[in-house]
Structures are given as structure tokens and as C-alpha cells.
Amino acid sequence: MASRVDYAVSMTPVRTIAASGDYDAQDVMANDVGKALGGSASINTGSEDHTTVGYASKTVSYANAPATGGAKVALGGDGVDHVMVFIKHTGFEYDSGLGTTANSQGLVVYIETSADLATYAKFTIPAGGAVCIPSITLAADCGLWAESAGAATIAVEYALVL
């Protein structure tokens, strides 16, 4: 069993210069940042054994993010602090697990800041994208929720390390 979680994140701001005359379009690093950004770290789990919600015995348990406007799906429980949160938009619809129909609609993730989603922060993950959130502390009666940004469900891969 792991006693830590290793993670890394990176991003590169890119600008596409339009094709002109004899030249094809070119992707270049955007001037505002001028470099790739990234970082990596390890987070101690506090014990040799830990619990990971969303996985069991090396097998993923996909969450079903419903179509927008319906009841959102809870990722884990309310008021639970996590050593690490990993959430991935698989790029496919949910069909009793990972479906075979592609879904390019965004995955909207809510971080509840007061009970019953009365207030929250949210972000959208594009198809195939993922996010890591280290050492997140959630208030009592607050949790992580997700829904599709469109009319189709999304199979969500997630690992919440306690």
C-alpha cells in the first residue's frame, strides 16, 4: 500500500499563427507566459494503508455524471477531507460504466461551499482532461459534485484518496 501520492501537472500556453501565402498555420508558445509551466510533489497519506473512493482492487468504479439540469452526482461523501482528488472526463458517455459513445461535452465539477449546493465554486473539464487537487478540506455537509454540460451523460473516472 502507498504511504504517499505522487503527482505532476503542466500546461503550455499556445498561440496559433494563421496560415498565410506559402506558409501553413503554426503553433507557437504564447508570449504572455513564454514557457511551459509545471510542478510536481508528493503528499504523505499519513499511514501505510489508505482508502481510495472510486477504485477497489485495482478496478475503477465510474461515476455517472447526468445530463445538465438534472440531479448532480456526488463524488464521495460530504465533509470528507481528501489527501488527493483526481477527476477525469473519460470522453465517453456512461452506460453501466464506461460506454462506447464519445462525448465531447464538458464535465462540470462543483466544490460545494455550503450545504445543498447553495453556494459553490465550479470548473469545467474538457473531454479527455483531468484535474488533481491536493489536500482539500471540505466543510461539514459539503462535497464534490459533477454533471455533464450537455444533454448526454459522462463516465467519470475519479480517485479520492482519504
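Residue-wise test of (1) hydrophobic (A, V, I, L, M, F, W, C); (2) part of a strand (DSSP E or B); (3) free of Cβ contacts under 8 Å to residues at least 60 places away in the same chain.
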| site | (1), (2), (3) |
| --- | --- |
| Gly70 | no, no, no |
| Asp78 | no, no, no |
| Thr100 | no, yes, yes |
| Ser104 | no, no, yes |
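Restricting Gly91, Gly69 to residues that are under 24 Å from Cys142 (Cα atoms) and in the same structural domain as Trp145 (by TED's automatic domain parsing) narrows the list to Gly69. Considering only the stretch 87-96, I want to know if a residue exists there that is closer than 20 Å to Met11 by Cβ and either among the basic types (Lys, Arg) or not in a strand (DSSP E or B) (or both). Yes. Among the residues of the stretch 1-53, the ones that are among the charged types (D, E, K, R), assigned to a loop (DSSP other than H, G, I, E, B) and farther than 28 Å from Met84 by Cα come to 3 in all.
Can we say Ser10 is closer than 30 Å to Tyr94 by Cα and of a type outside the set (Lys, Arg)? Let's see the steps before the verdict.
Working: closer than 30 Å to Tyr94 by Cα: yes; of a type outside the set (Lys, Arg): yes.
Judged against the criteria, Ser10 is a match.
Among the residues making up the stretch 37-66, those that are surrounded by 15 or more Cβ atoms within 10 Å (Cβ to Cβ) and out of contact with any Lys or Arg (no Cβ under 9 Å at 6 or more places or on another chain) are His50, Thr52, Val53, Gly54, Tyr55, Val60, Tyr62, Ala63, Asn64.
The values are calculated or read from the model by the stated rules, or taken from the named source; none is laboratory data. Just so you know, these numbers come straight off a predicted model, no measurement behind them. Neighbour counts are summed over all protein chains in view; Cβ atoms, including those assigned to glycine, are modelled from backbone coordinates with ideal geometry.
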